[in-house]
Amino acid sequence: MTVWDRPEPPTRPVPLDRERIVAAAVALADEGGLEAVSVRKVAARLDAGPMRLYGYISTKEELFDLMVDEVHAEILPEEQARDWREALRLLAHRTRQTALRHEWLADLLGGRPSLGPHGLAVTEARLAALDGLADIDTVLRAVETVGAYVTGAIRREIANLRAERATGLSKHDWQRASGPYVTTMLATGRFPALTKAVHDGTDVDAETSFTTGLDWVLDAVAAKLARPPV
């Protein structure tokens, strides 16, 4: 029996339910990352004994599953997209925005699918965007491809944000501090492609980079959808 269909125990002197437990866990993770979340810490925030929580969750992994599903509710758009491309683009951007609000989510993306009601609704929205446009295997590979890009881009962006906080250096500060070393290495002539990228490439912000890469991935999906079946 999963955490999703296991009934909650009856209420006791300190009112508890999974909704309150998950809200407390999400708040702790937002403040200090996943390492700040434990059954003991969640119980302390709720002014309850840790053993009380085990009536609602069996393991910390179940708690993480509930947390992921809770924030997946923020990914679902209220508006109706005009076509499949807009639908997948909107879901991708909302996933990024949700991860930026809850950075710990990046650590849990890309594993097994979220089986909670909100996670299933997000998966349904992604699949439904392409429903009827190709055979189901093509739809699945397209959704997986877009998802892999989104997950990778989000993880890279959040890793950079964490590095900035850990070092106290912004991206541009880090580039300036690393400049002399990079200049010396490029002067060896061993890295001609990298030299061209450093000297001639355009530096863009994280959102522009995410949007550009996403559009390229969606272009590839569109080309696959337009190809007649063999």
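The values are calculated or read from the model by the stated rules, or taken from the named source; none is laboratory data. Since we're looking at a predicted model, the values are computed, not measured. Heads up, the Cβs are rebuilt from the backbone with ideal geometry, glycines too, and the neighbour counts pull from every protein chain shown.
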- Item | Failed item, numbered, when residue 221 is tested on (1) surrounded by 14 or more Cβ atoms within 10 Å (Cβ to Cβ); (2) not assigned by TED's automatic domain parsing to the domain that holds residue 154 | (2)
- Are any residues in region 50-75 assigned to a helix (DSSP H, G or I) and farther than 26 Å from residue 98 by Cα, and if so, which ones? 50, 51, 52, 53
- Could you look through region 11-57, keep only residues that are surrounded by 15 or more Cβ atoms within 10 Å (Cβ to Cβ) and of a type in the set (Ser, Thr, Tyr), and pick out the one that is nearest to the chain's Cα centre (by Cα)? 38
- Query: Which of the residues belonging to region 195-230 are farther than 22 Å from residue 160 by Cα, touching a residue at least 24 places away in the same chain (Cβ under 8 Å) and among the aliphatic types (A, V, I, L, M)?
  - Reply: 217, 218, 220, 221, 222, 225
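Which residue is surrounded by the fewest Cβ atoms within 10 Å (Cβ to Cβ), if the candidates are limited to region 199-211 and must be under 18 Å from the mean Cα position of the chain (by Cα) and not small (Gly, Ala, Ser)?
208
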- Item | Residue tally, condition in contact with a Gly (Cβ under 9 Å, 6 or more places away or on another chain) and either charged (D, E, K, R) or at pLDDT below 95 (or both), over region 67-92 | 2
- Task: Please give the number of the condition residue 161 fails out of (1) surrounded by 11 or more Cβ atoms within 10 Å (Cβ to Cβ); (2) not assigned by TED's automatic domain parsing to the domain that holds residue 92.
- Result: (2)
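Determine which member of the set 47, 69, 5, 17 is touching a Pro at 6+ places or on another chain (Cβ under 8 Å) and of a type in the set (Asp, Glu).
Working: 47 fails: touching a Pro at 6+ places or on another chain (Cβ under 8 Å); 5 fails: touching a Pro at 6+ places or on another chain (Cβ under 8 Å); 17 fails: touching a Pro at 6+ places or on another chain (Cβ under 8 Å).
Going through 47, 69, 5, 17 in turn, just one is touching a Pro at 6+ places or on another chain (Cβ under 8 Å) and of a type in the set (Asp, Glu): 69.
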- Message: Of everything in region 126-156, what is acidic (Asp, Glu) and more than 14 Å from residue 110 (Cβ to Cβ)? Give them in sequence order.
- Response: 131, 135, 137
- Just one of the numbered conditions (1) over 17 Å from the mean Cα position of the chain (by Cα); (2) part of a helix (DSSP H, G or I) is not true of residue 88; which one? (1)
